[in-house]
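Read through the structure below, which is laid out as C-alpha coordinates, and then see the notes.
The values are calculated or read from the model by the stated rules, or taken from the named source; none is laboratory data. Note that the structure is a prediction, hence the values are computed from the model and not measured. Glycine gets a Cβ as well: all are built from the backbone with ideal geometry, and neighbour counts include every protein chain shown. The protein model used for the area step is the full one, side chains on, heavy atoms only, and it has no ligands, DNA or RNA in it. Shrake-Rupley method; radii C 1.70, N 1.55, O 1.52, S 1.80 Å.
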Amino acid sequence: MLVLITYDVRTVEDAGKTRLRKVAKKCQDYGQRVQNSVFECIVDETQFKQLKIQLEQIIDPAFDSLRFYRLGNNYKAKVEHIGAKESMDIEGTLIL
(Lines give C-alpha, C1' and ligand atoms only; values in the text may rest on other atoms or scores of the structure.)
Protein backbone atom coordinates (compact mmCIF):
# COMPACT_ATOMS: atom_id res chain seq x y z
CA MET A 1 0.00 0.00 0.00
CA LEU A 2 1.08 3.58 -0.52
CA VAL A 3 1.42 5.67 2.63
CA LEU A 4 2.09 9.38 2.45
CA ILE A 5 4.01 10.60 5.50
CA THR A 6 4.29 14.26 6.41
CA TYR A 7 6.06 15.69 9.41
CA ASP A 8 6.83 18.94 11.14
CA VAL A 9 9.74 18.98 13.58
CA ARG A 10 10.61 22.04 15.64
CA THR A 11 14.21 22.96 14.86
CA VAL A 12 14.76 25.92 17.16
CA GLU A 13 17.20 23.93 19.27
CA ASP A 14 19.94 21.51 18.19
CA ALA A 15 17.98 18.51 19.49
CA GLY A 16 15.18 19.38 17.09
CA LYS A 17 17.60 19.51 14.16
CA THR A 18 18.83 16.06 15.14
CA ARG A 19 15.26 14.75 15.35
CA LEU A 20 14.50 16.22 11.92
CA ARG A 21 17.47 14.42 10.34
CA LYS A 22 16.51 11.15 12.04
CA VAL A 23 12.88 11.36 10.90
CA ALA A 24 13.95 12.06 7.31
CA LYS A 25 16.50 9.22 7.35
CA LYS A 26 13.96 6.76 8.74
CA CYS A 27 11.38 7.74 6.10
CA GLN A 28 14.05 7.42 3.41
CA ASP A 29 14.63 3.83 4.56
CA TYR A 30 11.05 3.03 3.53
CA GLY A 31 10.31 5.32 0.60
CA GLN A 32 11.18 8.39 -1.41
CA ARG A 33 11.08 12.07 -0.56
CA VAL A 34 8.62 13.95 -2.76
CA GLN A 35 8.80 17.31 -0.97
CA ASN A 36 10.85 18.67 1.92
CA SER A 37 8.87 17.00 4.71
CA VAL A 38 6.80 14.58 2.64
CA PHE A 39 7.58 10.96 1.78
CA GLU A 40 5.78 8.34 -0.30
CA CYS A 41 6.32 4.84 1.04
CA ILE A 42 5.19 1.53 -0.46
CA VAL A 43 4.84 -0.75 2.57
CA ASP A 44 2.80 -3.66 3.79
CA GLU A 45 0.83 -3.46 7.04
CA THR A 46 3.68 -4.86 9.16
CA GLN A 47 6.25 -2.47 7.71
CA PHE A 48 3.86 0.44 8.24
CA LYS A 49 3.39 -0.45 11.91
CA GLN A 50 7.16 -0.76 12.38
CA LEU A 51 7.83 2.57 10.66
CA LYS A 52 5.14 4.33 12.68
CA ILE A 53 6.56 3.02 15.97
CA GLN A 54 10.10 4.00 14.98
CA LEU A 55 9.03 7.53 14.04
CA GLU A 56 7.03 7.93 17.25
CA GLN A 57 10.18 7.06 19.20
CA ILE A 58 12.17 9.78 17.39
CA ILE A 59 9.86 12.79 17.65
CA ASP A 60 9.00 14.91 20.67
CA PRO A 61 5.18 14.96 20.62
CA ALA A 62 5.15 18.19 22.64
CA PHE A 63 6.74 20.04 19.68
CA ASP A 64 6.67 17.80 16.59
CA SER A 65 3.95 16.15 14.54
CA LEU A 66 3.52 13.26 12.12
CA ARG A 67 0.67 12.65 9.67
CA PHE A 68 0.04 9.37 7.85
CA TYR A 69 -2.21 9.14 4.79
CA ARG A 70 -3.01 5.57 3.73
CA LEU A 71 -3.71 5.67 0.01
CA GLY A 72 -3.93 1.89 -0.32
CA ASN A 73 -2.94 -0.40 -3.16
CA ASN A 74 -4.92 1.40 -5.88
CA TYR A 75 -3.18 4.70 -5.29
CA LYS A 76 -2.15 5.53 -8.87
CA ALA A 77 -5.58 6.97 -9.68
CA LYS A 78 -5.47 9.02 -6.44
CA VAL A 79 -2.11 10.74 -7.00
CA GLU A 80 -1.69 13.61 -9.43
CA HIS A 81 1.49 15.62 -9.90
CA ILE A 82 1.87 19.05 -11.51
CA GLY A 83 5.12 20.98 -11.76
CA ALA A 84 8.80 20.43 -11.17
CA LYS A 85 10.47 17.44 -9.58
CA GLU A 86 8.49 14.67 -11.20
CA SER A 87 8.87 11.66 -8.93
CA MET A 88 10.12 8.33 -10.11
CA ASP A 89 7.91 5.26 -10.24
CA ILE A 90 8.62 3.78 -6.81
CA GLU A 91 7.42 0.39 -7.98
CA GLY A 92 9.38 0.51 -11.22
CA THR A 93 12.71 -1.12 -12.08
CA LEU A 94 15.76 0.39 -10.42
CA ILE A 95 18.82 0.53 -12.67
CA LEU A 96 22.17 1.15 -11.00
*Under the Karplus relation 6.51 cos²θ - 1.76 cosθ + 1.60, θ = phi - 60°, what is the ordered set of whole-Hz ³J(HN,Hα) values for the stretch 35-45, x standing for Gly and Pro?*
8, 3, 10, 9, 10, 9, 10, 9, 9, 8, 4
*Could you give the accessible area per residue of the chain, probe 1.4 Å, as a whole number in Å²?*
70 Å²
*For the chain, what does -39500 (n - 2.57) per DSSP helix run (n ≥ 4), summed and divided by total residues, give at 222 nm, in deg cm²/dmol to the nearest 500?*
-10500 deg cm²/dmol
_Projecting each Cα onto the charge dipole of the stretch 11-60 (Lys/Arg +1, Asp/Glu -1 at the beta carbon, about the Cα centre), which of CYS41, VAL12, GLN57 comes out farthest on the positive side?_
VAL12
*Roughly how much of ASP14 is accessible, in Å² to the nearest 10, using a 1.4 Å probe?*
110 Å²
*Set LYS17/LYS78; LYS17/LYS76; LYS22/LYS76; LYS17/LYS52 screened for pairs whose C-alpha atoms are more than 26 Å apart*: LYS17/LYS78; LYS17/LYS76; LYS22/LYS76
*Heavy atoms only, probe 1.4 Å: what % of the accessible area of the stretch 19-74 goes to carbon and sulfur, would you let me know?*
45 percent
_Computed accessible area, GLU56, all protein chains, 1.4 angstrom probe, square angstrom_ = 100 Å²
